[in-house]
Amino acid sequence: MHTPDPRNAQRLVVAMSGGVDSTVTAWMLQREGKELVGLFMRNGVKVDEAESCKKACCSVSDARDARMVAAKLGIPFHAVDLKREFRVIIDYFLKEYSAGRTPNPCAVCNRDLKLDALMRFADEFGCEGVATGHYARIEMVDGRPHVRRGVDHTKDQSYQLFCVAEANLARTHLPLGGMQKSEVRALAAEAGLRTAAKRDSQEICFVPSNDYRKLLEEEGVELHPGTLVDTSGKLLGTHEGTEHFTIGQRRGHGVGGGTPLYVVEVHPDDGRVVLGTGDEATFTSMQVNELNWIGFDVPQGGELRARVQYRYHCTPALATIGVEADGSATVQFDEPQLAVASGQGAAFYDGDRLLGGGWIGATRRALAGAGEAGARG
């Protein structure tokens, strides 16, 4: 028997960040006859307002814009204090860098706040689900959500949903997924929304300066100073902390001249940061942990072929995924891939459909020595 689509219900919480995407989302859903409650998430981070309004979100001006759009639409509006929940994400962010990994706070925020904490607010308000301005699409097939890329591939945000629980995605509306960004701005102008010409949010909301090293300093994170070496162990220089480096980083390591060098390994335990050539910065396989499947069941035998996106901005790569009984998987790329970083998310795709994904653990470099891991898990 076909399960009714719970997203057809009329009462929804709409996440309003104060940007053009979330405000157009509210405007569109209201025109469809949905009864809405607008929610703005306060993260408790104190930032320079002149700086934060340029590229980040969740600032005082963002809250004002969200409130004024809600007033224009005539929908109730609440600014909810999620300082404690955001603190958990900030602590995770700092811990990952201290461990030599590259965090993905936006995916964690989607999983734990936008499509989980706000879902609990939806329950409290008697709403059937949540709506956001993500550029991705969700359709219900036989009672289960199928997530697909947004049609505007330059704005597609489906990757950041790889770890969101299927049950929450089944209650989520993403009305912008079938639109181009230019269409969204045109609708905002047509509706007379104050956010029509507002810049997009591009940075991590608690790092509005886009310099996470400044956050490390402000938080008093203990750095791991040490040496810069090449893949043969030759000393190339020194550094102030392994936390200042991420896998694949090409600039900012202070070693210039000749062949471009990339960060290929980060070792907080002894302070080593290993630099290598482009070929030495490619990876053949990785371990993926805490698998999350979305509207999809792993085939019998635990192995599948898919395209794997291993960071927000990269071309998905063909790979064989071997799923283990403990909820992890080994991903073997058909061709070596550049800058696969432990700590990032791995999203699995069949065409434009997101099957799920997990968190990257240990990785293996193409030119690493026998038994040597390219990065730590």
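For region 280-365, what is the charge dipole size about the Cα centre, in debye to the nearest 20, if Lys and Arg each add +1 at the Cβ and Asp and Glu each add -1 at the Cβ?
In total the dipole reaches around 220 debye.
Which length gain, in nm to one decimal place, applies between Glu124 and Arg11 when the Cα-Cα distance is subtracted from 0.36 nm times their residue separation?
39.5 nm
Mind checking the full-extension length gain between Thr277 and Glu32? Use 0.36 nm per residue of separation minus the Cα-Cα distance, one decimal, nm. Don't skip to the answer; put the middle values down first.
Details: separation 245, 0.36 × 245 = 88.20 nm, distance 5.39 nm.
Here the answer is 82.8 nm.
If amide H atoms are built 1.01 Å from N in the plane of the peptide, which residues on other chains or at least 5 residues away come under 5 Å of the amide H of Leu275?
Sorted by chain and number, the residues that satisfy this are Val229, Asp230, Thr231, Val264.
What is the diffusion coefficient of the chain in µm²/s, taking the Kirkwood radius over Cα pairs and the Stokes-Einstein relation at 10 °C with a viscosity of 1.306 mPa s?
73 µm²/s
Cys314's amide H: which non-local residues (gap 5+, or another chain) put their own amide H closer than 5 Å, with H modeled 1.01 Å from N in plane and none for Pro or chain starts?
none
Report, in debye and to the nearest 20, how large the dipole of region 219-328 comes out about its Cα centre when Lys and Arg carry +1 and Asp and Glu carry -1 on their Cβ.
Dipole about the Cα centre, nearest 20: 580 debye.
List, in order, the whole-Hz ³J(HN,Hα) value for each residue of region 252-261 obtained from phi through the Karplus relation with A = 6.51, B = -1.76, C = 1.60 and θ = phi - 60°; use x for Gly and Pro.
Calculated HN-Hα couplings, in order: x, 8, x, 10, x, x, x, 5, x, 10 Hz.
Kirkwood hydrodynamic radius, region 223-272, all distinct C-alpha pairs: what's the number in Å?
Averaging 1/r across every pair of different Cα atoms and inverting gives 10.9 Å.
Amide H of Thr102 versus every other amide H placed in the peptide plane: which residues, excluding those fewer than 5 positions away on the same chain, fall under 5 Å?
The answer is Ser342, Gly343, Gln344.
Net charge near Asp65: determine it from the other residues with C-beta under 11 Å of the C-beta of Asp65, scoring Lys and Arg +1 and Asp and Glu -1.
Values: positive: Arg64, Arg67, Lys72, Arg194, Lys198; negative: Asp62.
Its environment carries a net charge of +4.
Less than 13 Å Cβ to Cβ from Ala317, Lys/Arg counted +1 and Asp/Glu -1: what total charge do the surrounding residues give?
Within the 13 Å Cβ shell, the charges total +1.
Pop a pseudo-label 7 angstrom from the Cα along the beta-carbon direction at both Ala325 and Trp293 and give the gap in nm to one decimal.
Here the answer is 1.6 nm between the modelled labels.
Give me the dipole magnitude in Debye, nearest 20, for the chain about the Cα centre, with unit charges on the beta carbon: positive for Lys and Arg, negative for Asp and Glu.
1040 debye
Taking the simple approach of a point 7 Å from Cα along Cα-to-Cβ for both Asp352 and Lys181, what is their distance in nm?
Each label point lies 7 Å from its Cα, and together they span 1.7 nm.
Need one number for region 280-365: average projected area of the convex hull over its C-alpha atoms, nm².
5.1 nm²
I want to check a number: in region 6-191, how many lysine pairs have alpha carbons closer than 26 Å, given a sequence separation of 8 or more or different chains?
28
Roughly what would the spin-label model give for Gln300 and Glu190, points 7 Å off Cα along C-beta, in nm?
If labels sit at Gln300 and Glu190, their model points lie 5.1 nm apart.
Readers should treat all values here as calculations from the given coordinates under stated rules, not as data from a laboratory. The model shown is predicted, which means the values in this text are computed figures rather than measured ones. Heads up, the Cβs are rebuilt from the backbone with ideal geometry, glycines too, and the neighbour counts pull from every protein chain shown.
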